[in-house]
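**Student:** Provided herewith is a single structure, encoded as structure tokens, for subsequent inquiry.
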Ligand SMILES: Cc1ncc(COP(=O)(O)O)c(C=O)c1O
């Protein structure tokens, strides 16, 4: 079919070319050029956009999407699970015991919840999705096998939840942001709201009179002209974007890096959706280049969408425990002044370019302040989207906007319309609960409740941080109003485990774990005190159980972990066959054992650094100048062995266990190397320097021959004594030692490029002797 179409068009193009006077090859060239020009025209717009926004673009969405199709599953199994940060065997054992204890605790404490979760997990895809995001993926499988946790709750009381097994826990999930005022308030609003509309019941289409009151309050809070109701935050964002496109007649939507706007793929250019998205541009948050890019692209931009909660951690994805990397991924900042300044600049640029500024306040609205982020940062948007708590406990999405941006009809073209509607829009029960909430939030006392709640949370964070500092715990709490997150001061691959320790202490966390937690107005001082005690206890337990390695040089450790992660990532892209992987692991383990046995003295390490540098140079030189290469490497070998013999003699023979040569072997080999020049000089019967220089190339060749005999002989001997694999482990270790030694013993100041070498030096950071 396609072939036929191409053929027909080619024939047609050829006819046209002939009609224009082109013949044969000329016609072919003309057709080719026309096709290229057509394609170029098609892509010119995208190319232009890419060029105009190059400096401002956040490449994270595109790169992460690309990686998502390449990166293969990589599960830590067995001891690897416990050694991801290069821990020693004693720590690995301690961790194994700790995890088994923790699993047994959960099994014993929550049997009914676990059984309930197991029974429904296969039938509830939502649960499997949230389960998958709880833990970084290499650890997920092993955790799932031991911890099939499920939060099944039956009651709430203040900020406490009761689970199926009858235990009460402190809830810091905040119900994804809905719970601002405390569950009891919402129960009351839902109840009272229902009382006010139950005469109407579920009638949809005709509106309940309460709707008018709600609209009036929402218009007053948002300071905008019109309101529309939707069923969720995602849907309200979709409505805002669609109406902006319709009313500006432009296509492009600008979002900022890391911001979440619900699960609609139109605003999800990064991970999470697979559809190609050309009409959503992700720019860097809080970056002047983004302002310039918006100015340049003003004729294409239908709206700039901002999620003000990003002020907490601009340009990073919403913090979650499912991160692979170390704690620096979770940077936050005290955002108020700089972010307010950024929003003011954005406001000015949007006004100047006549681009609608859309605040997605689904999370921040009624959370930061009664007037949401608009009030908190003092910036007025053109469209504001609310959700979560504004429903007074019921599901909701609200879009408020300026009149000209909320139109769904084109006054000049009656057939042009923006089809935005929904069955459950303005549901009476939702309107009732919302009315209760809005009445409460617009009372003057509400402001005081917000101020108190924000203040109490900030004081609590300061108290927790003091307590953690006193106990040398590497965790700190940072808050934005009643939103808080846990930062890990020490690099670690197991920071996500704190959520399990916290659960064991009786704290309920959402699926993003310690990444984002929420307090609410029902938290009294007693609740905060209890939460602090639980957090300190959980972190202390985790420290005792060995999940954070102590007494180490942190920048070095962070670098080592990153390098290991990078190698793991490359490994998962390339999909190295398993036998090769285990072979590599064995080589690296032997290098590590070798290091522990006899490479701890700084002078010995310096000698290794010198000799390794010479060896690497000789690896290249041997192809052009065998004489110098062999001689230089022999000198390097003597320097290396001198380090062992003189500086660390007691550990020397431990190498025997590690497949290497023992002292008598080494003495024999060294003697053989010395005998070669002696024999040559004896044969020449002339002991002058001139004769030695004359013989030198021949001597070097014999040294080279001896080297081959020693090395290949050892390979053959090990293959005979053990097996071929073991012999190859020794051989590969031997010839790669210069590279890994350099990485291990190079002074830290010159270590930038070391990340590109295999992750052997991780153990150096772990085992400082
Ligand atoms: C800023 C923001 N926008 C949109 C949404 C989507 O809201 P919903 O989950 O109600 O669809 C969320 C949800 O967390 C959000 O935080």
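**Student:** Which ones in segment 174-190 are touching a strand residue (DSSP E or B) at 6+ places or on another chain (Cβ under 8 Å), buried (at least 21 other Cβ atoms within 10 Å of the Cβ) and on the phi < 0 side of the Ramachandran plot?
**Tutor:** Result: 179, 183.
**Student:** Still on this structure, I have one more. Check residue 520 against each of (1) assigned to a helix (DSSP H, G or I); (2) more than 30 Å from residue 100 (Cα to Cα) and name the one condition it does not meet.
**Tutor:** Condition not satisfied by residue 520: (1).
**Student:** Please count how many residues of segment 262-277 are touching a strand residue (DSSP E or B) at 6+ places or on another chain (Cβ under 9 Å), part of a loop (DSSP other than H, G, I, E, B) and within 12 Å of the ligand (Cβ to nearest atom).
**Tutor:** Residues in segment 262-277 being touching a strand residue (DSSP E or B) at 6+ places or on another chain (Cβ under 9 Å), part of a loop (DSSP other than H, G, I, E, B) and within 12 Å of the ligand (Cβ to nearest atom): 2 in total.
**Student:** A follow-up question, please. How about segment 336-368: which of its residues are touching a helix residue (DSSP H, G or I) at 6+ places or on another chain (Cβ under 6 Å), in a loop (DSSP other than H, G, I, E, B) and away from the ligand (no atom under 16 Å from the Cβ)?
**Tutor:** 356
**Student:** Residues in segment 585-600: is at least one crowded, with 18+ Cβ neighbours inside 10 Å, in a loop (DSSP other than H, G, I, E, B) and touching a helix residue (DSSP H, G or I) at 6+ places or on another chain (Cβ under 7 Å)?
**Tutor:** Scanning segment 585-600 turns up at least one residue that is crowded, with 18+ Cβ neighbours inside 10 Å, in a loop (DSSP other than H, G, I, E, B) and touching a helix residue (DSSP H, G or I) at 6+ places or on another chain (Cβ under 7 Å).
**Student:** Determine, yes or no, whether residue 371 is touching a helix residue (DSSP H, G or I) at 6+ places or on another chain (Cβ under 9 Å) and within 16 Å of the ligand (Cβ to nearest atom).
**Tutor:** Judged against the criteria, residue 371 is not a match.
**Student:** From (1) within 14 Å of the ligand (Cβ to nearest atom); (2) buried (at least 20 other Cβ atoms within 10 Å of the Cβ), pick out the condition that doesn't hold for residue 283.
**Tutor:** (1)
**Student:** Return the only residue of 181, 259, 236, 240 being closer than 28 Å to residue 522 by Cα and either within 16 Å of the ligand (Cβ to nearest atom) or assigned to a loop (DSSP other than H, G, I, E, B) (or both).
**Tutor:** After ruling out the rest, the residue left standing is 181.
**Student:** For segment 46-72, name all the residues that are in contact with a helix residue (DSSP H, G or I) (Cβ under 7 Å, 6 or more places away or on another chain) and not in a helix (DSSP H, G or I).
**Tutor:** Once the filter is applied, which keeps residues that are in contact with a helix residue (DSSP H, G or I) (Cβ under 7 Å, 6 or more places away or on another chain) and not in a helix (DSSP H, G or I), segment 46-72 yields 53, 55, 56, 71, 72.
**Student:** Another question, if that's okay. Among the residues of segment 439-452, count how many are buried (at least 21 other Cβ atoms within 10 Å of the Cβ) and either out of contact with any strand residue (DSSP E or B) (no Cβ under 9 Å at 6 or more places or on another chain) or in a loop (DSSP other than H, G, I, E, B) (or both).
**Tutor:** 1
**Student:** Out of 186, 176, report the one residue that is within 14 Å of residue 434 (Cα to Cα), in a helix (DSSP H, G or I), within 16 Å of the ligand (Cβ to nearest atom) and under 37 Å from the mean Cα position of the chain (by Cα).
**Tutor:** 186
**Student:** Take the residues of segment 389-410 that are surrounded by fewer than 24 Cβ atoms within 10 Å (Cβ to Cβ) and closer than 19 Å to residue 363 by Cβ: which is farthest from the chain's Cα centre (by Cα)?
**Tutor:** 394
**Student:** Can I ask one more? Please go through segment 214-227 and pick out each residue that is surrounded by 15 or more Cβ atoms within 10 Å (Cβ to Cβ) and out of contact with any helix residue (DSSP H, G or I) (no Cβ under 6 Å at 6 or more places or on another chain).
**Tutor:** 215, 218, 221, 222, 224
**Student:** Give the residues of segment 402-431 that are away from the ligand (no atom under 16 Å from the Cβ), outside any helix (DSSP H, G or I) and under 25 Å from residue 381 (Cα atoms), sorted by residue number.
**Tutor:** 402, 407, 408, 409, 410, 411, 417, 418, 419, 421, 426
**Student:** With (1) within 24 Å of residue 310 (Cβ to Cβ); (2) within 16 Å of the ligand (Cβ to nearest atom); (3) in contact with a strand residue (DSSP E or B) (Cβ under 9 Å, 6 or more places away or on another chain) as the list, and residue 252 as the residue in question, which single condition is left unmet?
**Tutor:** (2)
**Student:** If we scan segment 194-209, do we find a residue that is within 20 Å of residue 449 (Cβ to Cβ) and away from the ligand (no atom under 16 Å from the Cβ)?
**Tutor:** No, because not a single residue in segment 194-209 is within 20 Å of residue 449 (Cβ to Cβ) and away from the ligand (no atom under 16 Å from the Cβ).
Here, each number is a calculation from the coordinates, and none is a lab measurement. These numbers were taken from a predicted model, which means no experiment stands behind them. No Cβ is skipped: glycine too gets one built from the backbone with ideal geometry, and neighbour counts run over all protein chains shown.
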